[in-house]
Amino acid sequence: MSTPVWWSEVLAATFRRRVAAGDLLDHAVPTVDDGVLRLAFARPDIAAAWEESGAQAALEGALVHCGRAMPVEVVSLTT
């Protein structure tokens, strides 16, 4: 059997998501308001990268694992 032609793309996307979650969270200011975890990013490009990376799924999974399941909202500190 041969490796699927799409495997390298899936592997790269998976790697980016796992690494991106931690790297991007280093730029977040987390607060909890009314049971919602809000991640505030000072730079709009970092907020956009968070949205595009799929890193939120990794964070939500970690929250569930730690017994802290809650909705996550991303906000930008710039207008």
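Obtain the nm distance between the two label points defined at LEU25 and HIS65 by a simple spin-label model: each point lies 7 Å from its Cα along the Cα-to-C-beta direction.
0.9
Going by average Cβ neighbours within 10 Å, how do the peptides 65-71, 36-42, 24-30 rank, with the highest at the top?
The packing order, highest mean first, is 36-42, 24-30, 65-71.
Relative contact order, percent, of segment 30-79 when contacts are C-alpha pairs under 8 Å separated by at least 6 residues?
Answer for segment 30-79 is 52 percent.
Let me know the Rg and Dmax you get for segment 29-79 when you use only its Cα atoms, in Å.
According to the Cα coordinates of segment 29-79, Rg and Dmax are 11.1, 34 Å.
Determine the gain in length on full extension of the stretch VAL36-THR78; use 0.36 nm per residue of separation and subtract their C-alpha separation, reporting nm with one decimal.
Length gained between VAL36 and THR78: 13.1 nm.
With all protein chains present, how much of the accessible area of segment 32-79 (probe radius 1.4 Å) comes from carbon and sulfur, to the nearest whole percent?
57
I'd like the accessible area for GLU52, computed on protein heavy atoms only with a 1.4 Å probe and all protein chains in place. Round to 10 Å², please.
Accessible surface of GLU52 is approximately 150 Å².
The values are calculated or read from the model by the stated rules, or taken from the named source; none is laboratory data. Not measured: the values here are computed from a predicted model. A quick note on method: Cβ atoms are made from the backbone with ideal geometry, for glycine too, and the neighbour counts reach across all protein chains shown. The accessibility values were calculated without ligands, DNA or RNA, using every heavy atom of the protein model including side chains. Shrake-Rupley method; radii C 1.70, N 1.55, O 1.52, S 1.80 Å.
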